[in-house]
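For reference, the structure discussed in these notes is given below.
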Amino acid sequence: VQLQASGGGLVQAGGSLRLSCVASGRAFGSYGMGWFRQAPGKERDFVASINWIGGSTYYADSVKGRFTISRDNAKNTVYLQISSLKPEDTAVYYCAAEITRLLPGTSPLSYDYWGQGTLVTVSS
């Protein structure tokens, strides 16, 4: 499985972006998906996850109410709508896939495949 993340960019505080992650292969509908982010000099942190059919989601407290994860299995794509952005949201955002039909975990160790990351920079 290959994952390709896109949609990052430079945005002012309070703005919005939609990140996309396209997966190769026909088994996308069997994977739980997650988004993580990594700021310079920091560890990779969990942001959000979604189960294989999109019926269950989970968010880090720091993004709850501002970020929304969704997926379109017909397009092999998972999205992360990020809104009300703050400078502290600046990071490289990564999508990841876990081979499970359950809601994926919050640890990077739970995931089997990773995308290359897309940079989000929020200016104050």
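Points worth noting:
- The set of residues in segment 72-88 that are surrounded by 21 or more Cβ atoms within 10 Å (Cβ to Cβ) and more than 19 Å from Gly115 (Cα to Cα) contains only Leu85.
- Strands (runs of 3 or more DSSP E) within segment 8-80 that include 3 or more residues of a type in the set (D, E, K, R), closer than 16 Å to Val120 by Cβ and under 15 Å from the mean Cα position of the chain (by Cα): none
- Where a residue in segment 1-14 is in contact (Cβ under 8 Å) with a residue 60 or more places away in the chain and of a type in the set (Ser, Thr, Tyr) and its partner, wherever it lies, is assigned to a strand (DSSP E or B) and surrounded by 13 or more Cβ atoms within 10 Å (Cβ to Cβ), with Cβ under 6 Å and at least six apart: Ser6/Ser20; Ser6/Thr118
- Taking every residue in segment 41-69 that is modelled with pLDDT of 95 or more and pairing it with any residue that is basic (Lys, Arg) and surrounded by 14 or more Cβ atoms within 10 Å (Cβ to Cβ), at least 6 positions away or on another chain, the pairs with Cβ-Cβ distances below 8 Å are Arg44/Arg37; Asp45/Arg37; Val47/Arg37; Ile50/Arg71.
- The set of residues in segment 89-120 being open to solvent by 10 Å² or more (accessible area, probe 1.4 Å), in a strand (DSSP E or B) and touching a helix residue (DSSP H, G or I) at 6+ places or on another chain (Cβ under 9 Å) consists of Tyr94, Glu98, Trp114.
- Any pair with Cβ under 8 angstrom, 6 or more apart, that starts in segment 71-89 at a residue that is within 18 Å of Trp52 (Cα to Cα) and ends at one that is open to solvent by less than 40 Å² (accessible area, probe 1.4 Å) and in a helix (DSSP H, G or I): Asn73/Phe28; Asn73/Gly29; Asn76/Phe28
- Looking across segment 25-71 at every residue that is in contact with a strand residue (DSSP E or B) (Cβ under 8 Å, 6 or more places away or on another chain), among the hydroxyl-bearing types (Ser, Thr, Tyr) and closer than 18 Å to Ser110 by Cβ, the one that is most open to solvent (accessible area, probe 1.4 Å) is identified as Tyr58.
The values are calculated or read from the model by the stated rules, or taken from the named source; none is laboratory data. What you see is a predicted model, and the numbers here were worked out from it, not measured in a lab. Cβ atoms come from the backbone with ideal geometry, glycine included; neighbour counts cover every protein chain shown. Heads up: the accessible areas ignore ligands, DNA and RNA and are worked out on the full protein's heavy atoms, side chains in. Shrake-Rupley method; radii C 1.70, N 1.55, O 1.52, S 1.80 Å.
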